[in-house]
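Each reported figure results from applying straightforward, stated rules to the coordinates on display, with no laboratory input. Just so it is clear, the model here is predicted, and its values are computed rather than measured. Every residue, glycine among them, receives a Cβ derived from its backbone with ideal geometry; neighbour counts consider all protein chains shown.
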Amino acid sequence: MEILKTRAQLASRLSAFRDADKLIGLVPTMGALHNGHLSLVNEARKHTDIVVCSIFVNPTQFNDPTDLERYPRPIENDIEKLTPLCDVLFMPEVSEMYASGEQWHIDLGRLEYLLEGRFRPGHYQGVTQIVKKLFDAVQPDKAFFGQKDFQQFKIIDSMVKQLHLPVELVMCPIIRESDGLAMSSRNVHLSPAEHQQALALSKTLLFVQQNFENRSIAELNKSALEMLNRSEGVELDYFQICDADTLDVVNEKTSKHVIALLAARVGNTRLIDNIILQ
């Protein structure tokens, strides 16, 4: 695995692969890698010839400076995990990716302000800004993202379509701990007791999925909110059953694709999760 720090180095190395008609896959990450990330890398390995992984903790998508500061950065461990799986690791400094005073805005419509957007204003502008930069730097044929950040995937898909970017997006399933907790880089901040409390999130989603056929949306919403609100240590931001194409709230089972999404704080750690219902 080659570790490259600049866009010029990356362009030079990837041009040789491109000239040899190699399909290039990109897995963008912020590091603190777990098996969820590695599943994306393995999926990229199946579908492309050259796998590029990026590690970059992107400052423009954090609206809370404390959250940026607390974000885990176990870089040596990350490199060790990626070495047998990846061809190129792109690991730039902030100054390599951003010019001083740089501005960015893309019209993402209602998607930007729903769900996560309500609680993290500006977050998706920062996400699209860095993903566009990574797409420009790598020029991948395919880019791989996790379902856990479902809204983020929809946002990036919207950007790709608006800007007519020549990349195919691939969404990969959520990878969970053996007890059901969705894998997240933020899980390292959970104490053993908080980890147990956080299981209420996946248990609620599983309950909703298992009962989707025989209960109404209203009944499912009521039961899910009761389960989450009575769960010790869980401070709920939202639970919503949505049309998976638009992320609009649904009240009837008329949508072709339906998903349940939630976000909650457990201790000082904010977690998100979702499950596809239909």
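Annotations for the structure displayed:
- The stretch between Ser95 and Met171, if pulled fully straight at 0.36 nm per residue, gains 24.4 nm over its current Cα-Cα span.
- Lys253 versus Asn214: modelled label distance in nm, points set 7 Å from Cα along the beta carbon direction: 1.2
- Segment 234-278-segment 125-163 distance, computed between alpha-carbon centres (Å): 21
- Evaluated at q = 0.16 Å⁻¹, a Debye calculation over the C-alpha positions of the chain (equal weights, vacuum) places log10 I(q)/I(0) at -1.35.
- Highest-first packing order for the peptide set 73-82, 116-125, 50-59 is 50-59, 116-125, 73-82, based on the mean count of other beta carbon atoms within 10 Å.
- Inter-site label distance for Ile276 and Lys203 at 7 Å from Cα along Cβ, in nm: 2.6
- Gain on full stretching of the segment that runs from Tyr113 to Ser15 - 0.36 nm per residue minus C-alpha separation: 31.5 nm
- Within the shell defined by Cβ-Cβ distances under 13 Å, the residues around Leu40 carry a net charge of +3, with Lys and Arg each +1 and Asp and Glu each -1.
- Each Lys and Arg adds +1 at its Cβ and each Asp and Glu adds -1 at its Cβ; summed about the Cα centre, segment 61-139 shows a dipole of about 320 debye.
- Listed pairs Lys142/Lys222; Lys154/Lys253; Lys81/Lys142 exceeding 31 Å between Cα atoms: Lys142/Lys222
- Packing, taken as the mean count of other beta carbons within 10 Å per residue, orders the peptides 207-216, 135-144 from highest to lowest as 135-144, 207-216.
- Using only Cα coordinates, the Kirkwood hydrodynamic radius of segment 190-269 works out to 13.1 Å.
- Electrostatic dipole magnitude of segment 2-172 [Cβ: Lys, Arg +1; Asp, Glu -1; Cα centre; debye, to 20]: 260
- Percent antiparallel among DSSP beta bridges (both partners in the chain, rounded to 5): 50
- Distance in nm between pseudo-label sites at Glu80 and His47 (7 Å out along the Cβ direction from Cα): 3.0
- Distance-filtered residues of segment 118-138 - backbone nitrogen under 16 Å, label point 7 angstrom along Leu68 Cα→Cβ: 120-131
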